[in-house]
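A.B. asks: Structure in structure tokens, see below.
Nothing in this text is a laboratory measurement; each read-out follows from the coordinates by a stated rule. Treat the numbers as computed from the prediction; the structure is a model and nothing was measured.
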Amino acid sequence: MLVEDVMQPEVITITPKTSLPEAMRLVSQRRIRHLPVIEDGALVGIVSDRDLKRAMASPATSLERHELTYLLETLAVEEIMTRTVITAWRTLPVEEAARLMVKAKVSALPVTEMGRLVGIVTETDILELFVKAMGAGEPSSRIDVLLAEGGAGLTDVVHAVEDAGVRISSIMTLADRAGRRDVVVRVQTIDPRPAMERLEARGHTVRSPSTG
């Protein structure tokens, strides 16, 4: 799956001259966490709700209320925005977008095309895709199978489940920090015992499933 399949194409943007209070109002009213900053059609920065909250709380508390209000109204987002923006493109694989977010420690990637902003993908979009890929929320059962080193592979796991007459709705392989491979199989039944028994009969280590 590609970034264009999960990104949000309608993006609320601001300019470098947008005031901090106005940017804060947009974040609150639109229930968003990131505002790309556009100038002359080009992406020149990005501001997060965390940036705004930190900046709004930073002026000296000794100021009078009207002085504080005036000071904040005169501050523009160009004073606090992140200018070096890590971006994605439409055809970037979703897992690569996730890797970029983790590596750069950011929670959103503006999506650009020929220098023009065409969308934004956030950590929430990635998590929602992960939840769907794992089959969570659907009437199904989960079976965890630990793959032994040098042992039978993923194909054998699939064959074992299918031999038990159980349909697979999704399958994913994960590796823990020790390097062990864990196959997560979602099956379209609330009673996965036949599949578990078949897997164990073929020498696989099966962990307790949960229904969902």
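A.B. asks: Counting pairs of alpha carbon atoms under 8 Å apart in space and at least six apart in sequence, what relative contact order in percent does segment 137-207 give? Please report the intermediate quantities before stating the final value.
C.D. replies: On the way: 123 pairs, mean separation 32.9, N = 71.
Reported relative contact order: 46 percent.
A.B. asks: Find the relative contact order for the chain and round it to a whole percent, using C-alpha pairs within less than 8 Å whose residues are 6+ positions apart.
C.D. replies: Once divided by the residue count of the chain, the mean separation gives 19 percent.
A.B. asks: So which aspartates and glutamates pass the test for residue 53, namely a Cα distance under 13 Å, with those fewer than 8 places away in the same chain ruled out?
C.D. replies: 22
A.B. asks: A follow-up question, please. Hey, what's the per residue convex hull volume over the C-alpha atoms of segment 94-141, in cubic angstrom?
C.D. replies: 88 Å³
A.B. asks: Continuing with the same structure: Restricting to Cα atoms and excluding each atom paired with itself, what does the Kirkwood estimate give for the chain in Å?
C.D. replies: Answer for the chain: a Kirkwood hydrodynamic radius of 20.5 Å.
A.B. asks: Follow-up question, since we're still on this one. Give me the Kirkwood hydrodynamic radius of segment 137-207 in Å, from all C-alpha pairs, to one decimal place?
C.D. replies: So the Kirkwood estimate lands at 12.1 Å.
A.B. asks: Let me ask another. Considering only DSSP beta bridges where both residues belong to the chain, give the percentage that are antiparallel (nearest 5).
C.D. replies: 95 percent
A.B. asks: Going out from 0 in 5 Å bins, what whole percent of all Cα-Cα distances in segment 83-194 drops into each bin?
C.D. replies: 2, 10, 17, 16, 14, 13, 11, 9, 6, 2, 1, 0
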